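Okay, so here's the structure we're looking at.
The values are calculated or read from the model by the stated rules, or taken from the named source; none is laboratory data. This one's a predicted model, so the numbers in the text were calculated from it and none came from an experiment. As a convention, Cβ positions derive from the backbone with ideal geometry for all residues, glycine included, and neighbour counts pool all protein chains shown.
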Amino acid sequence: MTPNKTKVASPADKEATGDQLARTILNSLSAHVAILDENGFILETNLAWMQFAEANHIRMRPDTLKVNYLEICDRADGYSAEESLSVARGIRGVIAGHKEEFVMDYPCHSPDEKRWFYMRVTRAAGPGPLRIVVSHENITALKLAEERLRQSEAKLYRERQKLEDANTTLKVLLRQREKDQRQMEADILDNVRQLVAPILERLDRLPLPQRAKTMLASLDTRLTELTRPFLRRLSAVETVLTPQEIEVAALIREGRTSKEIADLMSLSLTTINFHRRNLRRKLNLRHSNTNLRTYLLSLTE
């Protein structure tokens, strides 16, 4: 009986098996891959490369074997000429060993769709003759996503600009409204103090009937309410002023002299000057050249 013997694979069989495995792996890649020699001739391509060539009606055999890839790049014209020359320079740089790899992404649009590819050129590892691996990976989905992102960012930027412009406009309008309101208050205060108050003071000195005096007092109260905004603003400064100091400040703002204020308030000139010094101290103007009336006018601006 002849004993069973395990068949030992020969070196040729192992090489064939290795080549078949390499071919299977190469064809499983989604990237379009070509293997070049040191002169740029295509020695091998994978299934994805051949399918792309057939789909795009390349005027040569789909596997493009024995075609000089560098010469095709050198002869390119039209819109892709500059990119093709860059590719040729990059491949020659890898062949010469001046660079480890060459990469670039480029558009490759067809009449039916827009497409972009990412190209990578490297040296094949291992002993033996120099081999260059050229791969083209379709990155259209990534490019389209980037474009959508850029459009979204541009839209968001435009919307933000609109909001900022609207906010700026609103701030300007609010400032103008506040300024107009303060100016109106100042005008009302000036008119009451300069035109109405003197008449009320003269009427108050007349021997009027009690009913008339009551009506006069009511009118004076209502005018005080009307002029209260400026007085409230003056009271809102950090330093708290007394009621009499507020009244003196209001009269100073109107442009009254110290003597006029003394007469209107039935106080001595010394007392009015005392109030003026207190106002400058409480308003932090004691060591400043700022005019007291100018400062008080700024409270309504």
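Odds and ends about this structure:
- Identity of the residue in the stretch 35-91, touching a helix residue (DSSP H, G or I) at 6+ places or on another chain (Cβ under 7 Å) and among the charged types (D, E, K, R), that ends up farthest from PHE117 (Cα to Cα): GLU38
- Pair list, Cβ < 6 Å and 6+ apart or interchain, from the stretch 57-76 residues that are in a loop (DSSP other than H, G, I, E, B) to residues that are modelled with pLDDT under 90 and exposed (fewer than 13 other Cβ atoms within 10 Å of the Cβ): PRO62/GLU54
- Condition check for TYR106: under 30 Å from SER28 (Cα atoms) and surrounded by 10 or more Cβ atoms within 10 Å (Cβ to Cβ): yes
The rows are residues; the columns are (1) surrounded by 13 or more Cβ atoms within 10 Å (Cβ to Cβ); (2) among the hydrophobic types (A, V, I, L, M, F, W, C); (3) under 30 Å from GLN51 (Cβ atoms).
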{"residue": "ALA124", "(1), (2), (3)": "no, yes, yes"}
{"residue": "ASN138", "(1), (2), (3)": "yes, no, yes"}
{"residue": "ALA145", "(1), (2), (3)": "no, yes, yes"}
{"residue": "SER152", "(1), (2), (3)": "no, no, no"}
{"residue": "TYR157", "(1), (2), (3)": "no, no, no"}
{"residue": "LEU163", "(1), (2), (3)": "no, yes, no"}
{"residue": "LEU174", "(1), (2), (3)": "no, yes, no"}
{"residue": "LYS179", "(1), (2), (3)": "no, no, no"}
{"residue": "ASP190", "(1), (2), (3)": "yes, no, no"}
